[in-house]
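Data block below; observations after.
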Amino acid sequence: MRHLPGGAFQMGADSFYPEEAPVRRVQVDGFWIDETPVTNRDFARFVAATNHVTLAEIAPDPRDYPGMDPASAQPGSLLFQRTRGPVDLADYSQWWQFSFGTDWRHPHGPDSSLDGLDDHPVVHVVYADAEAYAKWAGKSLPTEAEWEYAARGGLDGADFAWGDELAPGGAMLANYWQGAFPFANTLDDGYERTSPVRTYPANGHGLFDMIGNVWEWTVDWFAQPRIERKAKGSCCVPANPRGGTKRESLDPANPDTPIPRKVLKGGSHLCAPSYCQRYRPAARHPQAVDSSTSHIGFRCIIRDKKENRS
């Protein structure tokens, strides 16, 4: 882990996606943070010690999902599949499929394994799985503000974790999609899916894979950012800001399945300049707490001050 002393920074962005705005100055207290996302090797130790079963390994109850075909109530997870050619980018079902038998031990499909993937980030974990690991490790999951502060690496206000240019001089500084999404990945960064942690340079705080590779869970409920007011008479910026409420996080597009959503940060190997420019510290995405995928992982922190912010 690396220790960050905390401090003030410009959170958010005004020039990319509306859910990142407005830019606001906040500060966070000091904390320790994992240098890398939790790996398959790390998660395997946790499972061996606790016998934890991930949600992707448990068959869903059709009563929790109105309209579900009972025949589809099998263990599994969402798996990315390249399309054969251009598709409607508004229809993510073109490249995501619910794959029976896919889970953290079988990350690329039911017949795959973890062979050669010990140092890759664990995937196909829902929020509760990440939270259980953090508790076992004596750690916590970060807030969105803590995560973004760490990802910026001391470059306050920069678009990327390394400056304002995505690939300076053509250098690949993170694992993201190059080419036309979701069918033509030129693999300039060398990886079709996840990459081993520490493959790309660390940011200014000595942290790896804060950008790209896998999205990472945070403890905050997803809502539109808002400016937090300073305490009356205070000269300081708001400290340790939090996200919205659980109710605010519900997806208005799915009223029949009111499943709350947490904030994901960092982007993944599927973020592309042609589709999803979320390989940035300010980027954020809502994710249902019961949904696991082949591009979501997590890392943990330990706060200097023992206070409950979850």
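The values are calculated or read from the model by the stated rules, or taken from the named source; none is laboratory data. Since the structure is predicted, the reported quantities are computational estimates derived from the model, not experimental observations. Neighbour counts are summed over all protein chains in view; Cβ atoms, including those assigned to glycine, are modelled from backbone coordinates with ideal geometry. Remember, those area values only see protein heavy atoms, side chains included, never the ligands or the DNA or RNA. Shrake-Rupley method; radii C 1.70, N 1.55, O 1.52, S 1.80 Å.
Residues checked against (1) over 29 Å from PRO258 (Cα atoms); (2) more than 21 Å from the chain's Cα centre (by Cα):
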site	(1), (2)
GLY7	yes, yes
ASP29	yes, yes
THR36	yes, no
ARG41	yes, no
ARG45	yes, yes
VAL53	no, no
PRO60	no, yes
ASP111	yes, yes
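For region 250-273, which positions are in contact with a strand residue (DSSP E or B) (Cβ under 8 Å, 6 or more places away or on another chain), farther than 15 Å from TYR17 by Cβ and either in contact (Cβ under 8 Å) with a residue 24 or more places away in the chain or not aliphatic (A, V, I, L, M) (or both)?
Result: ASP251, ILE259, PRO260, ARG261, LYS262, SER268, HIS269, LEU270.
Within the bounds of region 164-177, is there any residue that is open to solvent by less than 50 Å² (accessible area, probe 1.4 Å) and assigned to a strand (DSSP E or B)?
Looking through region 164-177, at least one residue is open to solvent by less than 50 Å² (accessible area, probe 1.4 Å) and assigned to a strand (DSSP E or B).
Within the bounds of region 219-228, is there any residue that is of a type in the set (Asp, Glu) and in contact with a helix residue (DSSP H, G or I) (Cβ under 7 Å, 6 or more places away or on another chain)?
The answer is yes; a qualifying residue exists.
Being modelled with pLDDT of 95 or more, of a type in the set (Val, Ile, Thr) and part of a loop (DSSP other than H, G, I, E, B) is the requirement here; does THR199 meet it?
Judged against the criteria, THR199 is a match.
From the list ASP69, ASP103, ASP115, exactly one residue is modelled with pLDDT of 95 or more, closer than 22 Å to ILE259 by Cβ and charged (D, E, K, R). Which is it?
None of the others qualify; the one that does is ASP103.
Here's a check for you: in region 179-203, which residue that is among the hydrophobic types (A, V, I, L, M, F, W, C), within 23 Å of PRO107 (Cβ to Cβ) and out of contact with any Leu (no Cβ under 9 Å at 6 or more places or on another chain) is surrounded by the fewest Cβ atoms within 10 Å (Cβ to Cβ)?
Out of the qualifying residues, it is LEU187.
From the list GLY233, GLY243, GLY206, pick out the single residue that is small (Gly, Ala, Ser), surrounded by fewer than 21 Cβ atoms within 10 Å (Cβ to Cβ) and modelled with pLDDT under 95.
GLY233
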